[in-house]
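Visitor: There's a structure below that I have some questions on.
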Amino acid sequence: MRIAMYSTKPYDRRSFEAAANPQGHAFTFLEPRLTRDTAVLARGTEAVCPFVNDDLSAPVLEALAAGGTRLVALRCAGFNNVDLHAAARLGITVARVPAYSPHAVAEFTIGLLLSLVRGIHRAWQRTRDGNFALDGLLGFDLHGRTVGVVGTGKIGALVARGLAAGFGCRVLAQDVRPDPALQAIGVAYADIRTIAAQSDIITLHCPLTPETHHLIRAETLALARPGLVLVNTSRGGLIDAEAAIEALKTGRLGGLAIDVYEQEADLFFEDLSNEILTDDVLARLLTFPNVLVTGHQAFFTREALGAIAATTLDNASRFAAGQPLGAAAVTEAAVVPQQDGAR
Ligand code: NAD
């Protein structure tokens, strides 16, 4: 099968070329993002392979379908960028990589949290400039702190386990499907308001859906303990960034570490160091000493890239052979309905 890969970076190409490909699927590696304008590049291609910031809204899917595309093989776990209703209407199958390395994202989350609360990233910058002073780097112990973990699926469960069992935190969690294995190690499930009111740290690991959009907003932040530290390695749209800025200005939010940003699509994964940053919200966020931003990097390990390539190729082979996609299938039914009070 010929597969048009959008938003291709050299590391994507390397990992897909290194992966076992017994069915001999042929890739067209395209650098542009998938948009209404670039959908034409996939004309005559049975499958496309998009990434997190590619546009799979109805008009784009219609253009792909008109060009003969029958499979959207996402090379990521999240599928919030796909209009699943339109895909079903157009007879396009959507597949994803449900789990490539939850460890990659969970470990990065803990890394961001530690960096932020201990100022490790700032110390790195200072010492390179001959500044060995500690002023401004005063942190706090994670041990004994209350951490709210929102979404305890594959990634959130690892984070909750690491913080509870490894660091000795009290972990409160929220999920539409509580995990008994986490409850057995002392993780207590609560609603988002309780989590906001009781947590020193909140880390987000639920998918972005209409229900979770701006889950963290002015109203949620108003409930928070002053100095709350917020970490988001899930999807940018979970946080209202402008509300976060207001909370940072008052100190209600004591720290923010984000690997994802709602308006990241035109920014992340690109070197824009010689460009003018026109996103004033992101520009403001970058001025705070207690904000740490990374460019959607949590997934980026050798293990994860290898697993993404292997699963994507397997998804293509299954589709070509008419076999069920199993857990990789993305259908409208895959969108988890929200429980009362979950928001
Ligand atoms: P998962 O499906 O295993 O877990 C998601 C959990 O969220 C599930 O337990 C689900 O029940 C829960 N959930 C659904 N709706 C909820 C709601 N309204 N409130 C609370 N919980 C809710 O997914 P995962 O593999 O753990 O990934 C989590 C998220 O991480 C993905 O949705 C994706 O957006 C993001 N992600 C980011 C990166 C990165 O590089 N930054 C990489 C991979 C995944």
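Visitor: Where in segment 93-200 are the strands (runs of 3 or more DSSP E), entirely inside, with at least 2 residues that are of a type outside the set (Val, Ile, Thr) and within 13 Å of the ligand (Cβ to nearest atom)?
Guide: 170-174
Visitor: Every residue in segment 82-92 that is in a loop (DSSP other than H, G, I, E, B) and either of a type in the set (Ser, Thr, Tyr) or closer than 19 Å to Ala320 by Cβ (or both), please.
Guide: Gly91, Ile92
Visitor: Take the residues in segment 201-222 that are surrounded by fewer than 16 Cβ atoms within 10 Å (Cβ to Cβ) and not in a loop (DSSP other than H, G, I, E, B), then tell me which one is nearest to the ligand (Cβ to nearest atom).
Guide: Among them, the one singled out is Glu219.
Visitor: List every residue pair whose Cβ atoms sit under 6 Å apart, with the two residues 6 or more apart in sequence or on different chains, where the first one lies in segment 123-148 and is under 30 Å from Ala188 (Cα atoms) and modelled with pLDDT of 95 or more and the second, anywhere, is surrounded by 11 or more Cβ atoms within 10 Å (Cβ to Cβ) and among the charged types (D, E, K, R).
Guide: Gly139/Arg118; Arg145/Asp200; Thr146/Arg170; Thr146/Asp200
Visitor: A further question follows. In segment 242-271, what residues are over 14 Å from Asn53 (Cβ atoms), more than 16 Å from the ligand (Cβ to nearest atom) and either surrounded by fewer than 21 Cβ atoms within 10 Å (Cβ to Cβ) or in contact (Cβ under 8 Å) with a residue 60 or more places away in the chain (or both)?
Guide: Glu242, Ala243, Ile245, Glu246, Lys249, Thr250, Gly251, Arg252, Gly254, Gly255, Asp271 - these are the residues of segment 242-271 that are over 14 Å from Asn53 (Cβ atoms), more than 16 Å from the ligand (Cβ to nearest atom) and either surrounded by fewer than 21 Cβ atoms within 10 Å (Cβ to Cβ) or in contact (Cβ under 8 Å) with a residue 60 or more places away in the chain (or both).
The values are calculated or read from the model by the stated rules, or taken from the named source; none is laboratory data. Predicted model only: the values in this text are computed from it and were never measured. Note that each Cβ is placed from the backbone with ideal geometry, even for glycine, and that neighbours are counted across all protein chains shown.
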